[in-house]
1. Once amide H atoms are built 1.01 Å from N in the peptide plane, which residues 5 or more positions from Ala123, or in another chain, come under 5 Å H to H?
2. Which shape class applies to region 23-108: rounded if a/c is under 1.5, otherwise prolate when a/b exceeds b/c and oblate if not, where a ≥ b ≥ c are the square roots of the Cα gyration tensor eigenvalues?
3. Taking the 0 to 90 degree range and rounding to the nearest ten, how far is the long axis of helix 127-140 tilted relative to the main principal axis of the chain, both from C-alpha atoms?
4. In terms of modelled amide H atoms, which long-range or inter-chain residues lie less than 5 Å from the amide H of Leu60?
5. Can you compute the modelled spin-label distance between Lys3 and Asp33, with each label point 7 Å from Cα toward Cβ, in nm?
6. Apply 1/(1 + (r/R0)^6) to the Cβ-Cβ distance of Glu41 and Gln101, taking R0 = 30 Å, and write down the FRET efficiency to the nearest 0.05.
7. State whether region 105-159 is rounded, prolate or oblate according to the following rule on the C-alpha gyration tensor (a ≥ b ≥ c being the square roots of its eigenvalues): a/c under 1.5 gives rounded; otherwise a/b larger than b/c gives prolate, and the remaining case gives oblate.
8. Could you tell me how many degrees, from 0 to 90 and to the nearest 10, lie between the Cα long axis of helix 25-42 and the main elongation axis, the longest principal axis, of the Cα atoms of the chain?
Amino acid sequence: MSKPYIGQLLTVEDQWTDYNGHLNMAYYAVLFDRSAEEMFETFGLGPDYVKATNCSFFTLETHTTYAQELHAGEKVRIENQIIDADHKRVHYVQQMFHAEQNYLSCVLEVMVAHVDLTAKRMASFPTNILAKIDAMAASHKALALPKQVGHKIGIVRKA
């Protein structure tokens, strides 16, 4: 059975809340990034990889949809799902859920690229890493995509 990649539960830190009393939008990105880094480390793309190869991966584009607020001290579960990948890029979506009440809080759609830091340009993933990415992407093909994937931002006007 296909399942999204779920890393460790993360906690909304006190200093991340804003004057409205809920998680500030910038810190949703921190939580999503921590979960994505955990997933990418399973492929072999962690800090040791960067040091050994002088290659990394950079975010090219994101789209965030906020659904329900979170507060300090609350735990979140982030589900990571690869939508597509090629030899240089990974397109994935992350869904953040309140860990105890199980409601959807936020969705982040992301495109990243593998980059050679010396050449300062995109480069192909090493074969062994690409095989791991492709295997997870294949297992995620059976998962339904969140309705927010591919969502266009704009004001809908009534005629």
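No value in this document is a laboratory result; all are computed from the given coordinates. Being a predicted model, the structure only gives us computed values, none of them experimental. Glycine gets a Cβ as well: all are built from the backbone with ideal geometry, and neighbour counts include every protein chain shown.
1. Sorted by chain and number, the residues that satisfy this are His114, Val115, Asp116.
2. Details: a/c = 2.27, a/b = 1.86, b/c = 1.22.
Since a/c reaches 1.5 and a/b is larger than b/c, the shape of region 23-108 is classed as prolate.
3. Helix 127-140 sits at roughly 40 degrees to that axis.
4. Met111, Val112, Ala113
5. With each label point 7 Å from Cα toward Cβ, the separation is 2.8 nm.
6. On the way: r = 28 Å, r/R0 = 0.95.
For R0 = 30 Å, the calculated efficiency reads 0.60.
7. On the way: a/c = 3.91, a/b = 1.66, b/c = 2.36.
Taking the square roots of the gyration eigenvalues as a ≥ b ≥ c, region 105-159 is oblate.
8. 30
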